[in-house]
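Just below is one structure, and these are the notes that go with it.
The values are calculated or read from the model by the stated rules, or taken from the named source; none is laboratory data. Predicted model, so just to flag it, every value in this text is computed and none were measured. Positions of Cβ are backbone-derived with ideal geometry, glycine not excepted, and every protein chain shown enters the neighbour counts.
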Amino acid sequence: GNSVTQMEGPVTLSEEAFLTINCTYTATGYPSLFWYVQYPGEGLQLLLKATKADDKGSNKGFEATYRKETTSFHLEKGSVQVSDSAVYFCALRPILTGGGNKLTFGTGTQLKVEL
Amino acid sequence: EPEVTQTPSHQVTQMGQEVILRCVPISNHLYFYWYRQILGQKVEFLVSFYNNEISEKSEIFDDQFSVERPDGSNFTLKIRSTKLEDSAMYFCASKTDHNSPLHFGNGTRLTVT
């Protein structure tokens, strides 16, 4: 079946530090890959996505590249801010037809950025 | 920007009681979902709903669970007889079409005592 594995948190960084949150997946075929973010007290928000191998998703300074050879979709940001403190979820959606089209999520990684 | 709204934000209930979690999806969306996250575990898919019927459900979504879109606005999740292990954060989500991204609500934290 499909699965997503993320690095465990919490990850604590100083402001302006470099961020990497690892994500690897297991799936049949070539799924679409996503990063969602959950700020305190809010719902899950789509941060970025990639739909095919070697695609790079980017948003708000975050990037992730779809690596088929390593089945990975690691999230990176060059310089984090306190406002980036949140829980980050990696997710995949298989290439299927029909109305289901469900997402499979990782456990989430909590990021804490300190001054 | 329109958003998915969920009520209540926190619900406490006793084991064996029925609960209804409420969601108002974004108005022009056609696909509706419930997910849940038990504390410290993965966000898990429960059920998807399209064209007034369930399109897919997980093993978790047994006979104790049901969903309904009673009035074209609300999308509810009912748990008939709650168990301790139903304690989790329940997320509602919706989207416009098959390939569009999911929009999630803020979640309802269900605590079963």
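Things worth noting here:
- Pairs are defined by a Cβ separation below 6 Å, a sequence spacing of at least 6 or placement on different chains, a first member in the stretch A:36-53 that is surrounded by fewer than 19 Cβ atoms within 10 Å (Cβ to Cβ), and a second member that is modelled with pLDDT of 90 or more; the pairs so defined are A:Tyr39/A:Ala86; A:Glu42/B:Asn106; A:Gln45/A:Val37; A:Leu46/A:Tyr36; A:Thr51/A:Ser32; A:Ala53/A:Tyr66; A:Ala53/A:Lys68.
- A:Val113 being modelled with pLDDT of 95 or more, surrounded by fewer than 13 Cβ atoms within 10 Å (Cβ to Cβ) and of a type in the set (Val, Ile, Thr): no
- Unmet requirement for B:Thr82, which otherwise passes all of (1) surrounded by fewer than 20 Cβ atoms within 10 Å (Cβ to Cβ); (2) more than 24 Å from A:Ser3 (Cβ to Cβ); (3) out of contact with any Phe, Trp or Tyr (no Cβ under 9 Å at 6 or more places or on another chain): (1)
- Where strands (runs of 3 or more DSSP E) sit wholly within the stretch B:13-113, those with at least 3 residues that are away from chain A (no Cβ under 14 Å) occupy B:19-24, B:65-68, B:75-79, B:108-112.
- Matching option when the condition is assigned to a loop (DSSP other than H, G, I, E, B) and more than 12 Å from chain B (Cβ to nearest Cβ), among A:Glu69, A:Glu63, A:Glu42, A:Glu76: A:Glu69
- First in the stretch B:59-76 and under 17 Å from B:Thr5 (Cβ atoms) and in contact (Cβ under 8 Å) with a residue 24 or more places away in the chain, second anywhere and surrounded by fewer than 14 Cβ atoms within 10 Å (Cβ to Cβ) and of a type in the set (D, E, K, R), Cβ under 6 Å, 6 or more apart: B:Thr76/B:Glu68
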